[in-house]
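*Asks:* Here's a structure for you.
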Amino acid sequence: MDSRVGKDGRDGGAGGVTRAIRDDIIRGVHAPGARLAEEALSARYGVSRVPVREALRTLEAEGFVARRPYAGVVVAALDDAEAEDLVEIRSLLEPLGAARAAVRHTPEQLGRLKELVALADDALAAGRLEELARLNSRFHEVLAQASGSRTLAELITQLRWKMEWVYTAKLPRRAQDSWSEHREIVAVLESGDPDKAARVVTRHIGKGRGAHRPADPQAIAVDPDPED
């Protein structure tokens, strides 16, 4: 049984199963085109077939799985055009979210962003680079939530899941610079300047270009900048 979910999906019910399957798709445990049989998934995650069925419906709506005639539910695969769309949409949504966050963030959200930067500094100093991807994802998740728009935050979060799925980041290459830029983003949010916040995040996205590679270089030939 997968340790991320409890019996019958106690870890958030179908939500816990959804997260576990999504994480495994992102990590490549379930490869594009692989069939996702309810019975096998139930056994893997230690839950009944009901939360698995609900999870697959959610993942289909998110674009991670698809239903194929005679094959059932399979892991989806993005073509080059869809992968390029992810990059372009990110460059539009995240600066918008940052601009809103500059005027809508709560003290708690600003404090959490500062805490995440401090945790990343500690991880960098100690050489614990494996922690940075999780901290990076959490930083951008909180930044999106600070926009004050649930719709925008959900779109940005789903977009980042997709970017993480399609592309693999070479984190050590830009780790130090990336978190310095995160610190700058926090400072701009604290100053309350929405235009500058959008510019700083746009620049942050641009500087990451070239520090990442497609998860499958044979299938996707774009320069993504999905992470930082």
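The values are calculated or read from the model by the stated rules, or taken from the named source; none is laboratory data. Keep in mind that what you see is a predicted model, and the values were worked out from it rather than measured. For neighbour counting, all protein chains shown are included, and Cβ atoms are generated from backbone atoms with ideal geometry for every residue, glycine included. Accessible surface is based on the protein model in full, side chains and every heavy atom, while ligands, DNA and RNA are left aside. Shrake-Rupley method; radii C 1.70, N 1.55, O 1.52, S 1.80 Å.
*Asks:* For VAL52, indicate whether it is farther than 22 Å from TRP165 by Cα and either open to solvent by less than 70 Å² (accessible area, probe 1.4 Å) or assigned to a strand (DSSP E or B) (or both).
*Replies:* Values: farther than 22 Å from TRP165 by Cα: no; either open to solvent by less than 70 Å² (accessible area, probe 1.4 Å) or assigned to a strand (DSSP E or B) (or both): yes.
In short, no.
*Asks:* Right, here's the next one. Collect the residues in the range 13-36 that are surrounded by 15 or more Cβ atoms within 10 Å (Cβ to Cβ), out of contact with any strand residue (DSSP E or B) (no Cβ under 6 Å at 6 or more places or on another chain) and either over 14 Å from LYS162 (Cβ atoms) or at pLDDT 95 or above (or both), keeping them in residue-number order.
*Replies:* Correct list: GLY13, ALA14, GLY15, GLY16, VAL17, THR18, ARG19, ALA20, ILE21, ASP24.
*Asks:* Oh, and also: Which of (1) modelled with pLDDT of 85 or more; (2) over 25 Å from GLY63 (Cβ atoms) does GLU154 not meet, given it meets every other one?
*Replies:* If we test GLU154 against (1) modelled with pLDDT of 85 or more; (2) over 25 Å from GLY63 (Cβ atoms), just (2) comes out false.
*Asks:* Let me ask another. Go through (1) closer than 21 Å to SER191 by Cβ; (2) over 18 Å from the mean Cα position of the chain (by Cα); (3) without any contact (Cβ under 8 Å) to a residue 60 or more places away in the chain one by one and return the number of the condition ARG128 breaks.
*Replies:* The single condition ARG128 does not satisfy is (1).
*Asks:* Separate question: All but one of (1) over 30 Å from VAL188 (Cα atoms); (2) at pLDDT 90 or above hold for GLU82; state the number of the condition that does not hold.
*Replies:* (2)
*Asks:* Out of everything in the range 26-49 that is in a helix (DSSP H, G or I) and hydroxyl-bearing (Ser, Thr, Tyr), what residue ends up being nearest to the chain's Cα centre (by Cα)?
*Replies:* Among those that are in a helix (DSSP H, G or I) and hydroxyl-bearing (Ser, Thr, Tyr), it is TYR45.
*Asks:* Looking only at residues in the range 80-90 that are over 16 Å from the mean Cα position of the chain (by Cα) and without any contact (Cβ under 8 Å) to a residue 24 or more places away in the chain, which one is most open to solvent (accessible area, probe 1.4 Å)?
*Replies:* Here the answer is GLU82.
*Asks:* Of the residues that sit in the range 57-71 and are surrounded by 14 or more Cβ atoms within 10 Å (Cβ to Cβ) and either assigned to a strand (DSSP E or B) or modelled with pLDDT under 90 (or both), which one is farthest from the chain's Cα centre (by Cα)?
*Replies:* ALA66
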